[in-house]
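In what follows, a structure is listed as structure tokens, so that the remarks can point back to it.
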């Protein structure tokens, strides 16, 4: 039993590394959590709150909470914001808090380019007291106690990103945990993550808009995940769509349905349900994600964005 426990402890950093950055089905409604260049995407003060419960039916299944607040300051052509996330899986937890800043460069065609930097801290913790040993208590097991300091760590954390926006197209790239090594399995440092994404908006009808998007996410080269989603907006009031996530070997990992409502011009609600088509489907009731977005102030739409309900 003790040998198995030791192997588990040695393998924990790999598990924690496997999902360092939070993964959201509604991530395009909150790009700034992985790209600081998306900070200040409108003239309003925006707040975004999301809760995710993954793999319903599993004990100690992953849970994620995310809050971000950001605003655009026209006098300095800049956006600034705050992001706080809490990600828990089994007996491990990660708290990430960052301040984001983005400088916006305007062009005559009403498009803009933004350069963003995020800086903060990331705290990772392994709660060894939740582990069971042959003695029945992790607190009194010398093997566990020898790992206590190793599995609590605070590191500075920096992100960098770039994003280009027009009325109908969005393209971006970013690196999270920029100051940390690409791979680190000896302690609780995060690995570096790289993102590339694009999103389009098409007017299909006076009442309908279609917005397809793609995100490529690299966390340990050459391991990559690809998210593909399409959202349809009706009368700038409702939205619904679907998202799929595939692995680097093009294996389907997750399918998600997404729905949402603009309650008012200043409040939006969203929900998504994830289905796991792989081996997890026998044991998991899927994953649920609830989002609330709030926009404050009386800013004007910028950069050719004619519908202020599509707020960031």
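The values are calculated or read from the model by the stated rules, or taken from the named source; none is laboratory data. Since this is a predicted model, take the numbers as computed values, not measurements. All Cβ positions, glycine included, derive from the backbone under ideal geometry; neighbour counts span all protein chains shown.
Check whether at least one residue in the stretch 25-33 is surrounded by fewer than 16 Cβ atoms within 10 Å (Cβ to Cβ), within 30 Å of residue 167 (Cβ to Cβ) and at pLDDT 80 or above, and report yes or no.
Within the stretch 25-33, none of the residues are surrounded by fewer than 16 Cβ atoms within 10 Å (Cβ to Cβ), within 30 Å of residue 167 (Cβ to Cβ) and at pLDDT 80 or above.
With the structure loaded, tell me whether residue 149 is at pLDDT 90 or above and closer than 25 Å to residue 191 by Cα or whether it fails that test.
No: the conditions fail for residue 149.
One residue is enough: does the stretch 61-77 have a residue meeting the conditions modelled with pLDDT of 75 or more, within 20 Å of residue 217 (Cα to Cα) and touching a helix residue (DSSP H, G or I) at 6+ places or on another chain (Cβ under 9 Å)?
Within the stretch 61-77 (the criterion being modelled with pLDDT of 75 or more, within 20 Å of residue 217 (Cα to Cα) and touching a helix residue (DSSP H, G or I) at 6+ places or on another chain (Cβ under 9 Å)), the answer is yes, since at least one residue qualifies.
Please go through the stretch 107-132 and pick out each residue that is part of a loop (DSSP other than H, G, I, E, B), surrounded by fewer than 18 Cβ atoms within 10 Å (Cβ to Cβ) and at pLDDT below 90.
If the condition is that a residue be part of a loop (DSSP other than H, G, I, E, B), surrounded by fewer than 18 Cβ atoms within 10 Å (Cβ to Cβ) and at pLDDT below 90, then 108, 109, 110, 127, 132 are the ones that fit.
Just the residues that are modelled with pLDDT of 90 or more and either closer than 16 Å to residue 23 by Cβ or surrounded by 17 or more Cβ atoms within 10 Å (Cβ to Cβ) (or both), please, taken from the stretch 37-52.
Residues satisfying the conditions are 37, 38, 39, 40, 46, 47, 48, 50, 51, 52.
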